[in-house]
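Structure, as structure tokens:
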Amino acid sequence: HFQKLTQPNLSGYKIIITAGPTREKIDPVRYITNHSSGKMGYAIAEEAVQAGAEVVLISGPVSLPAPMGVQLIRIESAEEMYEAVMAEYPNANLVIKTAAVADYRPKIAYDHKVKKKPGEEVLELERTKDILLELGKAKKQQILIGFAAETDHIADYAQAKLKKKNADMIVANNVKAEGAGFGTDTNIVTLFKRDGSSIELPLMSKQAVAAKIIEEASNLLRNEQK
Ligand code: CTP
Ligand code: CA
């Protein structure tokens with residue numbers, strides 16, 4: 001193993017990382033979710049701990065062990081993730097939102113198993129809160145890094161999300177590309193920044209992408225202080 005040339009030092013910084021999918025309850029036996037494995041977020045949490053940061057990892061249900069040294073908060077729904085993030089936000093310096101938050105949830109979460117009934121053919125959904133958007137609105141000293149999982153028009157959609165959510169950086173990945181996206185150990189991402197610049201990274205391990213994101217986050221935090 002090579003020693004990294006530039007070891008970012010994040011000691012004294014509090015970082016919130018969200019990871020994994022959310023689960024939106026239909027009834028006691030059913031829910032709506034997505035394919036997020038949590039690997040990207042857990043890798044970032046590991047890198048942030050190594051850089052000396054205080055790390056709060058707010059995670060949906062995944063089958064990964066908690067990285068050493070993080071404070072792990074387990075949640076299920078988008079609403080629970082929102083509450084957990086907001087509770088930690090006031091004194092945080094950086095939020096990295098890797099979580100694949102469900103955009104919709106069932107309008108009614110039943111506490112008994114739902115039966116099929118004639119005439120009830122459609123499950124009604126409603127939108128969840130957009131956590132990153134809310135963080136962007138309530139932003140003070142915090143640096144915000146979001147993710148964008150796209151299948152097409154990646155740069156356009158990523159830049160639109162950067163503006164709309166008042167983020168400082170969006171990590172965009174093409175989930176259709178070979179070796180990228182859900183469940184894999186590798187990823188292909190481009191980092192889009194507020195100043196309009198972008199960094200296109202080649203196919204890399206999620207751990208190496210995580211290290212790069214922490215390096216960029218460290219630069220953003222340092223610029224903020226000036
Ligand atoms: N996000 C969030 N809360 C939501 C939905 C998304 O905080 N309810 C965050 C994600 O964690 C990610 C960023 O917003 O960091 C972009 O998520 P993405 O699903 O790519 O974009 P959306 O804004 O949900 O738009 P769409 O799914 O329509 O592309
Ligand atoms: Ca979405």
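The number of residues in segment 150-179 that are surrounded by fewer than 20 Cβ atoms within 10 Å (Cβ to Cβ), among the aliphatic types (A, V, I, L, M) and either within 16 Å of the chain's Cα centre (by Cα) or in a strand (DSSP E or B) (or both) comes to 1. Please go through segment 87-104 and give me each residue that is within 13 Å of ligand 1 (Cβ to nearest atom) and of a type in the set (A, V, I, L, M), ordered by number. Residues satisfying the conditions are Val95, Ile96, Ala99, Ala100, Val101, Ala102. Within segment 80-126, the set of residues being buried (at least 18 other Cβ atoms within 10 Å of the Cβ) and not in a loop (DSSP other than H, G, I, E, B) comprises Met81, Tyr82, Ala84, Val85, Leu94, Val95, Ile96, Lys97, Ala100, Arg105, Pro106.
Count of segment 127-143 residues, restricted to those that are in a strand (DSSP E or B) and near ligand 1 (Cβ under 9 Å from one of its atoms), is 1.
Residue check: is Leu64 crowded, with 20+ Cβ neighbours inside 10 Å, modelled with pLDDT of 95 or more, in contact with a helix residue (DSSP H, G or I) (Cβ under 9 Å, 6 or more places away or on another chain) and in a loop (DSSP other than H, G, I, E, B)? Walk me through how you get there before you give the answer.
On the way: crowded, with 20+ Cβ neighbours inside 10 Å: no; modelled with pLDDT of 95 or more: yes; in contact with a helix residue (DSSP H, G or I) (Cβ under 9 Å, 6 or more places away or on another chain): yes; in a loop (DSSP other than H, G, I, E, B): yes.
No.
The single residue among Gly136, Gly146, Gly69, Gly60 that is over 18 Å from Ser37 (Cα atoms) and within 16 Å of ligand 2 (Cβ to nearest atom) turns out to be Gly136.
Within segment 38-52, not a single residue is in a strand (DSSP E or B), closer than 19 Å to Ile143 by Cα and of a type outside the set (A, V, I, L, M, F, W, C).
The values are calculated or read from the model by the stated rules, or taken from the named source; none is laboratory data. Remember, it's a predicted structure, so these values are computed and weren't measured experimentally. In this analysis, Cβ positions are derived from the backbone assuming ideal geometry, glycine residues included, and neighbour counts consider all displayed protein chains.
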